[in-house]
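Worksheet: the structure to be examined is printed underneath.
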Amino acid sequence: MSFTELLRCTLLGHLRNRLALALAVAFIPVWIAVARMCTSDEVVRIWLDAISAPVSAPASQVGQVASALGAITMVAGFITFTETFQSRQMDRRLLLAGYPRLPMLLAKLAAVTLTAALLAVYTSVLLWISLPVRHAGPLMLALAGAGLAYGGIGLLLGSLVHGELEGFFLIIMLSLVDTGLQNPVFNTLMDVTGVSALPLYGVTQLALSSALTPRIPWSHGLLSLTWSAATGALALFVLHTQRPSPSPLPRRAGARKQ
């Protein structure tokens, strides 16, 4: 089985997940609309580390950008986790048949990248309709970075946890905590210890700067790639250590002959 065939099977697994597709289509615009309705138009003054300057903007606009990031992280995490968790039996069979681990993981990472890109385009269009975005391209990259980071987390959890409920709970809790701490409407001072180490820090800074200011802090968007690479490497490690190798089959056959 080739890399392209594995990628095709992974993407088909995403398409068969109707709940995940419904979340992608409906949850993201609903979450952005809720943020717009529940947040006032009062101008708030927030501090952005990425540009080392304060920014004044309506709270509703800041809330919509932060909510869009939160929505895309949950959807990307759910989609990737569900497909990875449900395909574990098939992955084991492929490994027992002698298929190498690295191309298998690379196919899953490629699927994560495509999923994050599609979600970013869709969410960027929704934000462009809902508020005056200054730089649509960098905002799209920030949203894609959020999807990549949590898609990688979903991939890791799908390879690691023993039950779907555990994975869903971890994705929800991490996304809620991360989004809440990165939202400058709630965390106006952004002085919580360790907030810069969370997955959404860099992309939140890039998204808010791109949407609300004329400046574009490109370097902060690279932080999500670090998270994606780290979770991908950990998923490969889990795949290597926990899933069966093709060697047991010949031993069992030999044992039966004896």
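The values are calculated or read from the model by the stated rules, or taken from the named source; none is laboratory data. These numbers were taken from a predicted model, which means no experiment stands behind them. Here the Cβ positions follow ideal geometry from the backbone for every residue, glycine too, while neighbour counts run over all protein chains shown. Heads up: the accessible areas ignore ligands, DNA and RNA and are worked out on the full protein's heavy atoms, side chains in. Shrake-Rupley method; radii C 1.70, N 1.55, O 1.52, S 1.80 Å.
Tabulated data for the structure shown
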read-out	value
One residue from Ser175, Ser210 being farther than 30 Å from Asp91 by Cα and in a helix (DSSP H, G or I)	Ser210
Test: residue in region 91-102 that is closer than 30 Å to Leu212 by Cβ and surrounded by 15 or more Cβ atoms within 10 Å (Cβ to Cβ)	no
Residues that are within 13 Å of Ala71 (Cβ to Cβ) and β-branched (Val, Ile, Thr), drawn from region 114-130	Thr123
Lone unmet requirement of (1) modelled with pLDDT under 85; (2) surrounded by 24 or more Cβ atoms within 10 Å (Cβ to Cβ) for Gly77	(1)
Evaluation of Leu170 against (1) surrounded by 16 or more Cβ atoms within 10 Å (Cβ to Cβ); (2) closer than 30 Å to Pro58 by Cβ; (3) free of Cβ contacts under 8 Å to residues at least 24 places away in the same chain (one fails), failing number	(2)
Members of region 132-153 found to be aliphatic (A, V, I, L, M) and open to solvent by less than 10 Å² (accessible area, probe 1.4 Å), listed by number	Leu139, Ala142, Leu143, Ala146, Ala149
Criterion: closer than 18 Å to Thr204 by Cβ, modelled with pLDDT of 90 or more and aliphatic (A, V, I, L, M) - qualifying residue of Ala146, Ala136	Ala146
Residue within region 108-122 that is free of Cβ contacts under 8 Å to residues at least 60 places away in the same chain, assigned to a helix (DSSP H, G or I) and open to solvent by less than 40 Å² (accessible area, probe 1.4 Å) present	yes
Any chance Leu156 is among the hydrophobic types (A, V, I, L, M, F, W, C), modelled with pLDDT of 85 or more, over 15 Å from the mean Cα position of the chain (by Cα) and buried (at least 16 other Cβ atoms within 10 Å of the Cβ)	no
